[in-house]
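Remarks on the structure that follows.
Computed from the coordinates by the stated procedures, all read-outs in this text should not be read as laboratory data. Predicted model only: the values in this text are computed from it and were never measured. Counting neighbours? That spans all protein chains shown, and the Cβs are built from the backbone with ideal geometry, glycine included.
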Amino acid sequence: MPPAPDYLNPKVPAGLSRVLMPLVEAAAGSLEGYGFLIDSPDEIEVEIVRWPAQGWRPVDEDSGNEGGTTEGVFVSEWRGDVLYGSNEAVGGHYILGYAVEPERADESHTRPPERLLMWHANYHPDGGQLFFPLDNRPFVVPLALPGDDVQPSDFVCFCFDGTRGLYIHPNIWHDGVFTLSGRQRFFDRQGAVHARVSVDFPREFQCLLEAGLTS
């Protein structure tokens, strides 16, 4: 079994190819199958998935989905060429991506990034997740539909204007919410079990996923 990703020290190798993600405006039609736009965190109940049966006997219908949800503030912040994330709901701290090849990344400047290079994604089999912007600014969210045989080319980078939030269904591949510059806060609510299934693009596919941030 591979070890869990080291989110603050991913050790991304040099010389990787890039797979471009299409940029798509987040709308009811484009988000179909992934989730939907929300106008308030309280308008949606996060889906919780019942614990799977281990054999032919089913899990009792009044059990197995009682873990509930957890919530907090998700912060997305560019420090120079490195995009950091922190998720208060689950105590998570991450490097979400880069603006240049990771080996060239410089955190000492304040220039806005021109692109996003993403090294990792995951999904939560235990429940859905919502993100709602606390700062009214645009952001992007790369997503892919369910399936453990996911490929880099399956990812779409959805663009949000900052006035509405996002709810994603269980099993949707994602890696948080990405601000376009500076620091941005989001309200996050998700399944409390917080099971993760991960894909590491450099090690599995020898690539990084790329999306332009200036168009």
For the chain, the longest site-free run once GluC sites (Glu not before Pro) in DSSP loop states with at most 12 other Cβ atoms within 10 Å are removed:
115-215
Arrange the following residues from fewest to most other Cβ atoms within 10 Å of their Cβ: Val100, Val46.
Val100, Val46
Checked region 89-171 against the a/c 1.5 cut and the a/b vs b/c comparison, axes a ≥ b ≥ c from its Cα gyration tensor; verdict oblate
Under the rule of at least 5 residues apart or a separate chain, name every residue whose amide H is placed under 5 Å from the amide H of Ile38.
Gly165, Leu166, Tyr167
Please order Asp200, Asp60, Asp81 by the number of other Cβ within 10 Å, starting at the fewest.
Asp60, Asp200, Asp81
Fewest to most neighbouring Cβ within 10 Å: what's the order for His194, His93?
His93, His194
For the chain, what does the helix formula give at 222 nm: sum of -39500 (n - 2.57) over DSSP H segments with n ≥ 4, over the residue count, nearest 500 deg cm²/dmol?
-500 deg cm²/dmol
Dividing the alpha-carbon Rg of region 1-74 by 2.2 N^0.38 Å yields what?
1.71
Need one number for region 49-137: average projected area of the convex hull over its C-alpha atoms, nm².
8.5 nm²
For region 59-76, what does the Karplus curve 6.51 cos²θ - 1.76 cosθ + 1.60, with θ = phi - 60°, yield as ³J(HN,Hα) per residue in whole Hz, taken in order and with x for Gly and Pro?
6, 4, 5, 9, 8, x, 9, 9, x, x, 10, 10, 8, x, 9, 9, 10, 10
Around Gly92, which amide H atoms from residues at least 5 apart in sequence, or from another chain, sit under 5 Å from its own amide H, with H modelled in the peptide plane?
Asn87
Quick one: what are the phi-derived ³J(HN,Hα) couplings along region 153-162, Karplus 6.51/-1.76/1.60 with θ = phi - 60°, whole Hz, x for glycine and proline?
6, 7, 7, 10, 9, 8, 10, 10, 8, x
Need one number for the chain: average projected area of the convex hull over its C-alpha atoms, nm².
12.4 nm²
I want to check the label-to-label distance for Ser40 and Ala28. Put each point 7 Å from Cα in the C-beta direction and report it in nm to one decimal.
1.9 nm
Neighbour-limited loop hits for chymotrypsin sites (Phe, Trp or Tyr not before Pro), region 2-105 (at most 11 other Cβ within 10 Å; DSSP other than H, G, I, E, B)
Trp56
Using only the Cα atoms of region 140-211, build the gyration tensor, take square roots of its eigenvalues as a ≥ b ≥ c, and label the shape rounded, prolate or oblate: rounded if a/c is under 1.5, else prolate if a/b is larger than b/c, else oblate.
oblate
Ser181 to Glu114: extension gain in nm, 0.36 nm per residue of separation minus the Cα-Cα distance?
23.2 nm
